Amino acid sequence: SDPTGLGRWTSTQYQGKGKVRLRFISAYCPNRNEQGAATVWTQHKTYFEEKLSGKDPIDAFYEDLTKAIEQWLREGDQLVLMLDLNDDIRTSPFTVMMEKIGMTQLLSYRHGDATMPNTFQGGQRHIDRLYVSSTLVECACGYLPFGDFDHRPIWIDIRIPWRLGTKFPHLRTVSRID
């Protein structure tokens with residue numbers, strides 16, 4: 001979970017056979033909104049001004065979550081990150097940070113960016129996304145239609161038995177064509 005106590009993310013870890021671990025992370029990056037003391041961004045800005053010499057809350061989110069993910073990857077966790085980034089995933093610096101540490105934008109990987117719908121009911125951009133570590137790139141995933149909420153639900157189909165070490169999938173060999 002978020003070490004600052006701000007609730008920017010939380011995670012749940014499951015352990016299977018042979019120390020195989022699967023961690024789910026749910027994260028929220030504040031929207032830059034300075035329209036009052038009660039906004040999440042203003043509350044985070046106040047926290048960082050008092051604790052960390054005025055660090056920008058969005059930059060802090062990117063850096064802190066990336067460090068946490070890097071640590072979990074070093075520890076051998078398989079990761080599923082679902083987040084509301086409040087920024088266009090296709091152009092966000094966070095996307096570059098995730099790619100550098102080996103996390104895959106699963107919805108883009110499986111479906112392509114051209115078919116991605118807006119993810120906030122009043123918006124035009126893709127602000128919600130699903131990232132996975134390399135062991136989970138073959139999982140099915142998608143968006144559901146808007147329902148009772150203002151964001152589209154994201155889903156992922158993980159075959160839990162083989163993801164937790166009880167059965168392993170048949171691995172395909174891929175030849176590179178140059």
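The values are calculated or read from the model by the stated rules, or taken from the named source; none is laboratory data. Model, not experiment: these values are computed from the prediction. Cβ coordinates were reconstructed from backbone atoms using ideal geometry, including for glycine residues, and neighbour counts include every protein chain displayed. Please note that ligands, DNA and RNA were not included when accessible areas were found on the heavy atoms of the full protein model with its side chains. Shrake-Rupley method; radii C 1.70, N 1.55, O 1.52, S 1.80 Å.
The rows are residues; the columns are (1) open to solvent by 80 Å² or more (accessible area, probe 1.4 Å); (2) within 17 Å of the chain's Cα centre (by Cα).
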residue: D2; (1), (2): no, yes
residue: W9; (1), (2): no, yes
residue: T12; (1), (2): no, yes
residue: Q15; (1), (2): yes, no
residue: G18; (1), (2): no, no
residue: Q35; (1), (2): yes, no
residue: W41; (1), (2): no, no
residue: K45; (1), (2): no, no
residue: E50; (1), (2): yes, no
TODO: Kindly indicate whether P145 is at pLDDT 65 or above and exposed (fewer than 11 other Cβ atoms within 10 Å of the Cβ).
DONE: yes
